Amino acid sequence: TKNSLCSGCLSCVSTCSLRNERHSSPASSRIQVELDVLGGNNAITICRQCKDPDCVRACPVGAIYQDPDLQIWRVDYDKCIGCRECVSACRFSAMLFDPNGDRVIKCELCGASGEPACVSVCPPGALTLRVIER
């Protein structure tokens, strides 16, 4: 999604990879920012927690599941075979492959432990968490 509030500081990207992968790398972040250097209308890509996700239907081993307590889509790495079918299937380009961890990754809302880390570190307030009733 294009976001004119996003300053392109990438605080969200580094915070996400640090929190989830314990190292700072854009390739290991579950949120991606495509910088529009000249126009300042940066594009933010993150999992939308779809009601009927394409990634789930594409997974041949059922490794993407909805957490029954938190109601968020997660990856079961004990089941995932690394085929990347989910990455190809996601219409929002929000299922990613992390070459550092050699696995697929997606936003899991920081385990729904309150506000996701990326939201809390966004200086201009370009990121917000909206809960949509399903």
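The values are calculated or read from the model by the stated rules, or taken from the named source; none is laboratory data. Computed from a predicted structure; not experimentally measured. Using ideal geometry, Cβ is built from the backbone for each residue, glycine included, and neighbour counts are taken over all protein chains shown. The protein model used for the area step is the full one, side chains on, heavy atoms only, and it has no ligands, DNA or RNA in it. Shrake-Rupley method; radii C 1.70, N 1.55, O 1.52, S 1.80 Å.
A few comments on the model shown:
- Coarse-grained scattering of the stretch 23-72 at q = 0.20 Å⁻¹, given as base-10 log I(q)/I(0) from a Debye sum over alpha-carbon atoms: -0.89
- Probe 1.4 Å, all protein chains present, accessible-area order of Lys79, Lys51, largest first: Lys51, Lys79
- The residues of the stretch 8-134 expose, per residue, 57 Å² of accessible area to a 1.4 Å probe.
- Here the chain is treated with +1 on each Lys and Arg Cβ and -1 on each Asp and Glu Cβ, and its dipole about the Cα centre works out to around 160 debye.
- Candidate residues Asp52, Asp76, Asp67: accessible-area rank, largest first, probe 1.4 Å: Asp52, Asp76, Asp67
- Computed E for Arg91/Tyr65 - FRET, C-beta separation, R0 22 angstrom, nearest 0.05: 0.65
- The amide H of Asn42, built 1.01 Å from its N in the peptide plane, has Asn3, Cys6, Asp36 as neighbours under 5 Å, considering only residues 5 or more places off or on other chains.
- Taking the alpha carbon gyration tensor of the stretch 48-127, multiplying each eigenvalue by 5 and rooting it gives semi-axes of 22, 15, 12 Å, largest first.
- Under-5 Å amide H pairs with Ile105, H placed in peptide plane, nonlocal only: Leu96, Phe97, Asp98
- Residue separation of Cys9 and Lys51 scaled by 0.36 nm, minus their Cα-Cα distance, works out to 12.1 nm of gained length.
- Residue-wise HN-Hα coupling along the stretch 10-17, computed from phi with Karplus coefficients 6.51, -1.76, 1.60 (Hz; x: Gly, Pro): 6, 4, 5, 5, 5, 5, 4, 5
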